[in-house]
Amino acid sequence: MPRNTRIARAVRNGTVTRCPAVVAALGAAALAVAPAVPARAADTASPVEHLVVVFDENVSFDHYFATYPRAANTDGTRFTPARDTAARVDNLRTAGLLAKNPNQYAPKRLGPRQAMTCDQNHSYSPEQYAADGGRADRYVQNTDSGKCSGKLFGEPGLVMDYYDGNTVTALWNYAQHFSMSDRSFGTTYGPSTPGAVNLVSGQTHGVISTDPASGTEHPRRTPKPDPYAVTSPGADGVGTLINDPEPAYDDCSDKDHTAKSPLAALKGANIGDRLGEEGVSWGWFQGGFRPSTPWDGRRGHYAKCSGSTHANVGGERVVDYSPHHAPFQYYASTANPHHLPPRSVAEIGHDGPANHQYDLTDFDAALRAGRLPAVSFLKAPAFQDGHAGYSDPLDEQHFLVEWINKIQSAPEWRNTAVVIAYDDSDGWYDHAYAKPLNGSGDRAKGPRGRTVDSPACRTAPAPAGGLADRCGPGPRQPLLVISPYSRAGTVDHTPTEQTSVLKFVEWNWHTAPIGDSSFDQRAGSLLNLFDFEHPHEERVLLDKDGSVRDGGAAMARVTEGDAGPQAVPGPTPSGPGSGVPVGFVVGAAVAATGVAATLLLRRGRGRR
């Protein structure tokens, strides 16, 4: 075990006098008071004992933060940035791309009245061609939605348009008070399911297609694997997932098993398996997961989910549960096919009939009972998940505000981190480009007769494990960390991706890596979004319109000098050198001894 990790665990667990490394590092003065450090409830590499990942849908960074922190303030909720807001954000405003843009149309601002828009083309291949090898000048030709249907707002070049802080006010206020990345990308190109699977396993290879009636696997020959579910299959029928087939281990797939589309199952491990190996509590909580018609217990019968619906801000009713947004349902080891509920609140996060797959109401029950799992993934009901076409930024904001207010109001807030991340960009324009780190040479015919993989992907570094159709990183997306340990008000430029969230879980809870050419080894670290030495612990409660209700009571915090040591990740998420930053231990010692410490009152920065 790395020396820094031994020191940190000893300080956290109150066993400091039994650790020679601590005696040498801290000295007698610190030892005299070190037992006063509260005992920790979990063996974590950082002070974060609870991680809540809110995984929303289909947004590029520029689509929500194109002009941050400057809002038009001509409609919607007024936004005024703090005076010390980070000056440099890589967006359309700072890049000079609002008026002078290489695309066919210039970007336009959308207001709250244009919240309900068309869905854009966000498929694996068109997104590559829209990026055009980093020129980012072919979005209208490749991912624009074209004409809109029904009451959805649309205009020529809609794919280029963006919202500001008068519509996505909550996200802008969270960025003001906590930390945000402007260099976070999809792990690969493509739509929702690959993004969700990359979040939990960093690996979209290993998919097979199954018959929806019998559940039998489609082998290589007769019948062949379904081409929508399985791309580039090998002789065993196993290939890569680049589309949105629904999960094989889910009664509610194929419209409650009334349709006949082949389903998809994934082989291999995911982070749920790894957390289970370490005895760490975890759960996926999704709106509408509790079936509208429960399973009757008979073989060949299915639970039904389509009876649970809500109306979005446009008045359209949407089925709450979306099976292809539930990544753990693709794996036999972590699926809850019949959507069975937990037997008790105490069971939430642990083994039981629900198998760690729950409804959002179960998260609420666990939070109220003080039984928050160590790792929780939150998925909004479809009308609130932000996906254009059936959801919108206003409904998404209502979801974020409701649940993040609840989390901040719970006792667990002091050792919790909330990560807001997204499954894909929806094809919305974003000018930033990540040069592919993992190539793919799929020359099969894709849309418009072009090869599936673009020239940029075909000439990128050889694909890890020789596995095709995993070109990435893909488009840029928002990523925010809301926590007492956030680097408050900062914008971090460290390259990260969806799988970086998985990497943080592996590091913090000491799990084994996923293996099998997972991108958890490649993914950048989230640690530069945190400051474990100076927890500010302020609450920033928002109103439904995203404005600040409570700017955060001033909380005492301890600092050493000006800033203290930086948090630096180890070389791998769980291998040697991946212990907590030395600065965390030093900060604990300083807090205990009072040596060279200054108590600072953090002023609230509420913006209304």
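Mind checking which residues of region 262-283 are over 13 Å from Gln203 (Cβ atoms) and either of a type outside the set (Gly, Ala, Ser) or modelled with pLDDT under 95 (or both)?
From region 262-283, those over 13 Å from Gln203 (Cβ atoms) are 262-265, 272, 275-283; that's our starting set.
Matches in region 262-283: Pro262, Leu263, Leu275, Glu277, Glu278, Val280, Trp282.
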**Message:** What's the total number of residues in region 520-548 that are touching a strand residue (DSSP E or B) at 6+ places or on another chain (Cβ under 7 Å) and either hydrophobic (A, V, I, L, M, F, W, C) or assigned to a strand (DSSP E or B) (or both)?
**Reply:** 8
**Request:** Spot the failing condition for Ala365; the list is (1) within 23 Å of Ala130 (Cβ to Cβ); (2) touching a helix residue (DSSP H, G or I) at 6+ places or on another chain (Cβ under 6 Å), and only one is missed.
**Result:** (1)
**Prompt:** Of these, Val558, Val548, which one is at pLDDT 95 or above, touching a helix residue (DSSP H, G or I) at 6+ places or on another chain (Cβ under 8 Å) and among the β-branched types (Val, Ile, Thr)?
**Reply:** Val548
**Request:** Kindly establish whether Pro373 is under 25 Å from Asn415 (Cα atoms) and assigned to a loop (DSSP other than H, G, I, E, B).
**Result:** yes
**Message:** I'd like the residue in region 508-549 that is closer than 18 Å to Glu277 by Cβ and aliphatic (A, V, I, L, M) and, out of all such residues, is farthest from the chain's Cα centre (by Cα).
**Reply:** Ala512
**Qualifying residue in region 54-67 (condition: crowded, with 22+ Cβ neighbours inside 10 Å, hydroxyl-bearing (Ser, Thr, Tyr) and either at pLDDT below 95 or assigned to a helix (DSSP H, G or I) (or both))** = yes
**From Arg371, Arg343, residue being basic (Lys, Arg), closer than 22 Å to Glu278 by Cα, surrounded by fewer than 18 Cβ atoms within 10 Å (Cβ to Cβ) and free of Cβ contacts under 8 Å to residues at least 60 places away in the same chain** = Arg371
**Request:** Identify the single condition in (1) surrounded by 24 or more Cβ atoms within 10 Å (Cβ to Cβ); (2) at pLDDT below 95; (3) on the phi > 0 side of the Ramachandran plot that Pro225 does not satisfy, given that it satisfies every other one.
**Result:** (3)
**Request:** Quickly run through region 169-187 and pick out the residues that are in a loop (DSSP other than H, G, I, E, B), under 19 Å from Thr94 (Cα atoms) and in contact with a helix residue (DSSP H, G or I) (Cβ under 7 Å, 6 or more places away or on another chain).
**Result:** Asp182
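Going through Ala512, Ala460, Ala468 one at a time, which residue ends up being among the small types (Gly, Ala, Ser), more than 25 Å from Asp426 (Cα to Cα) and assigned to a loop (DSSP other than H, G, I, E, B)? Talk me through it step by step, then tell me what you get.
Details: Ala460 fails: more than 25 Å from Asp426 (Cα to Cα); Ala468 fails: more than 25 Å from Asp426 (Cα to Cα).
Within the list Ala512, Ala460, Ala468, the selection yields Ala512.
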**Request:** Within region 443-457, track down each residue that is surrounded by 21 or more Cβ atoms within 10 Å (Cβ to Cβ) and in a loop (DSSP other than H, G, I, E, B).
**Result:** Val452, Asp453, Ser454
**Request:** All but one of (1) free of Cβ contacts under 8 Å to residues at least 60 places away in the same chain; (2) surrounded by 15 or more Cβ atoms within 10 Å (Cβ to Cβ); (3) touching a Cys at 6+ places or on another chain (Cβ under 9 Å) hold for Tyr124, so report the exception by its number.
**Result:** (1)
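Just to check your reading of the model, which residue among Ala99, Ala82, Ala136, Ala130 is among the small types (Gly, Ala, Ser) and part of a helix (DSSP H, G or I)?
Numbers: Ala99 fails: part of a helix (DSSP H, G or I); Ala82 fails: part of a helix (DSSP H, G or I); Ala136 fails: part of a helix (DSSP H, G or I).
Answer to the selection: Ala130.
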**Asked** Quick one: how many residues across region 522-531 are in contact with a helix residue (DSSP H, G or I) (Cβ under 8 Å, 6 or more places away or on another chain) and surrounded by fewer than 24 Cβ atoms within 10 Å (Cβ to Cβ)?
**Response** 3
**Asked** Can you name every residue in region 393-424 that is part of a loop (DSSP other than H, G, I, E, B) and surrounded by 22 or more Cβ atoms within 10 Å (Cβ to Cβ)?
**Response** Asp423, Asp424
**Item:** Breaking point among (1) touching a helix residue (DSSP H, G or I) at 6+ places or on another chain (Cβ under 8 Å); (2) within 28 Å of Leu527 (Cβ to Cβ), for Ser125
**Value:** (2)
**Complete:** Taking first residues from region 193-222 that are more than 25 Å from Phe285 (Cα to Cα) and touching a residue at least 60 places away in the same chain (Cβ under 8 Å) and second residues anywhere that are among the aliphatic types (A, V, I, L, M) and in a strand (DSSP E or B), the pairs with Cβ under 7 Å that are 6 or more apart or on different chains are none
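Report, by residue number, each residue of region 130-148 that is under 20 Å from Tyr228 (Cα atoms) and out of contact with any Asp or Glu (no Cβ under 7 Å at 6 or more places or on another chain).
Step one: filter region 130-148 for residues under 20 Å from Tyr228 (Cα atoms), giving 142-143.
Asn142, the sole residue that qualifies.
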**Prompt:** How many residues does region 310-329 contain that are surrounded by fewer than 18 Cβ atoms within 10 Å (Cβ to Cβ) and either within 29 Å of Ser209 (Cβ to Cβ) or at pLDDT below 95 (or both)?
**Reply:** 0
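Filtering region 378-392 down to residues that are more than 26 Å from Pro473 (Cβ to Cβ) and in a loop (DSSP other than H, G, I, E, B), which residue is nearest to the chain's Cα centre (by Cα)?
Filtering region 378-392 for residues more than 26 Å from Pro473 (Cβ to Cβ) gives 381-384, 390, 392.
Next, from what is left, pick out any that are in a loop (DSSP other than H, G, I, E, B): 381, 390, 392.
Details: Pro381: 16, Tyr390: 20, Asp392: 18 Å.
Per the stated criteria, the residue is Pro381.
Please verify whether region 103-110 includes one or more residues that are touching a strand residue (DSSP E or B) at 6+ places or on another chain (Cβ under 7 Å), aromatic (Phe, Trp, Tyr) and without any contact (Cβ under 8 Å) to a residue 60 or more places away in the chain. Even if it seems obvious, please write down each step before you answer.
Here is the first cut: in region 103-110, the ones touching a strand residue (DSSP E or B) at 6+ places or on another chain (Cβ under 7 Å) are 107, 109-110.
Now drop any that are not aromatic (Phe, Trp, Tyr), which leaves none.
Checking region 103-110: not a single residue is touching a strand residue (DSSP E or B) at 6+ places or on another chain (Cβ under 7 Å), aromatic (Phe, Trp, Tyr) and without any contact (Cβ under 8 Å) to a residue 60 or more places away in the chain.
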**Request:** Report yes if some residue within region 95-106 is surrounded by 15 or more Cβ atoms within 10 Å (Cβ to Cβ) and within 12 Å of Tyr163 (Cβ to Cβ); otherwise report no.
**Result:** no
**Asked** Has region 474-483 got at least one residue that is farther than 30 Å from Val540 by Cβ and buried (at least 20 other Cβ atoms within 10 Å of the Cβ)?
**Response** yes
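So that you can scan it fast, the table gives a plain yes or no per residue for (1) within 30 Å of Phe65 (Cα to Cα); (2) without any contact (Cβ under 8 Å) to a residue 40 or more places away in the chain:
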site	(1), (2)
Ala432	yes, no
Asn438	yes, no
Ala444	no, no
Gly449	no, yes
Asp453	yes, no
Thr459	no, yes
Ala462	no, yes
Arg470	yes, no
Pro475	yes, no
**Asked** Can Val280 be described as in contact (Cβ under 8 Å) with a residue 12 or more places away in the chain, under 20 Å from Pro191 (Cβ atoms) and of a type in the set (Val, Ile, Thr)?
**Response** no
**Complete:** Counting only residues in region 441-473 that are on the phi > 0 side of the Ramachandran plot and at pLDDT below 95, the one farthest from the chain's Cα centre (by Cα) is identified as Gly449
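The values are calculated or read from the model by the stated rules, or taken from the named source; none is laboratory data. None of the values given here were measured: they were computed from a predicted structure. No Cβ is skipped: glycine too gets one built from the backbone with ideal geometry, and neighbour counts run over all protein chains shown.
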